Amino acid sequence: MLSRIYLTGFMTSGKSTLGKILANVLGWNFFDMDKEVEKDEDSTVTEIFELKGEKYFRTIENTKLRELSKFDNVIIALGGGTLINDDNVKFIKKNGKLIYLRVTPEIIYTRIKKKTDRPLFKDFVIAENSKEDFIKKITGMLNEREKYYNLANIIFDVDNSPIGKTVDKLAKRINRILIEENKSKYTE
């Protein structure tokens, strides 16, 4: 039976915000992998990238994924690049359901254009790059990651709808999966 949901998607797709509310609606626990890594490292993700590098971050992210996956009835918001590691993808697919929160480059731009807490866009924000430059970089990164995101069991389009409406739609999709899994469990 489904007891773990992993949320993936590009930065600012809503993994943390939607995940927290969705977990509350389902009566499950919620973990944000980036926040859990930050607690363990006593540093922000940006600081870890700057001081220790992306390779170090990906190693501790991998370890944290496995630690958090020991819990049942849990929603785990993955980091934007967690799925780049094939071992992580296999592990996630074996241990739960993967949901891709798909967002357009334009929506991502409006959400990150002033944020300096995103390591991969910090320099863009500081340099006050143009919207076109942001969109080009976002599109390029999405194109690289989309093959991983598309491995999800559910692809869920996130727009600028009110958050309550978005969570309701996503909760209904998940509840359908839970019902289907329960039916198949009893008919085997």
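Throughout, read-outs are computed from the coordinates displayed, never taken from laboratory work. Bear in mind the structure is a predicted one, so any value in this text is a computation, not a measurement. Neighbour counts run over all protein chains shown; Cβ positions are idealised from the backbone, glycine included.
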Next on the checklist: Can you sort 130, 69, 43, 13 from fewest to most other Cβ atoms within 10 Å of each residue's own Cβ?
Outcome noted: 130, 43, 69, 13
Checklist outcome for this item: Restricting to Cα pairs under 8 Å and 6 or more apart, the percent relative contact order of region 4-180 works out to 32 percent
Item to check | Estimated 222 nm signal from helices in the chain, with DSSP H stretches of n ≥ 4 weighted -39500 (n - 2.57), rounded to 500 | outcome: -18500 deg cm²/dmol
Item to check | Most mobile listed residue (160, 143, 29) in the chain, GNM with C-alpha springs under 10 Å | outcome: 160
Item to check | Per-pair calculated FRET efficiency, R0 = 41 Å: residue 87 and residue 25 via Cβ, rounded to 0.05 | outcome: 0.85
Checklist outcome for this item: Under the rule rounded for a/c under 1.5, else prolate if a/b exceeds b/c, else oblate, using alpha carbon gyration tensor axes a ≥ b ≥ c, region 4-180 is classed as oblate
Checklist entry - Can you give the FRET efficiency for residue 169 and residue 50, using 1/(1 + (r/R0)^6), R0 = 45 Å, r = Cβ-Cβ distance, to the nearest 0.05? => result 0.75
Item to check | Debye, to nearest 20: dipole size of region 4-180, +1 on Lys, Arg Cβ, -1 on Asp, Glu Cβ | outcome: 620 debye
Checklist entry - Around residue 70, what is the net charge, scoring Lys/Arg as +1 and Asp/Glu as -1 over all other residues with Cβ under 14 Å from its Cβ? => result +1
Checklist entry - Between 169, 15, 97, which gets the highest mean-square fluctuation from a Gaussian network model of the chain, Cα cutoff 10 Å? => result 169
Item to check | Filter on 52/137; 131/172; 93/169; 35/70; 55/169 - keep pairs with C-alpha separation over 27 Å | outcome: 131/172; 55/169
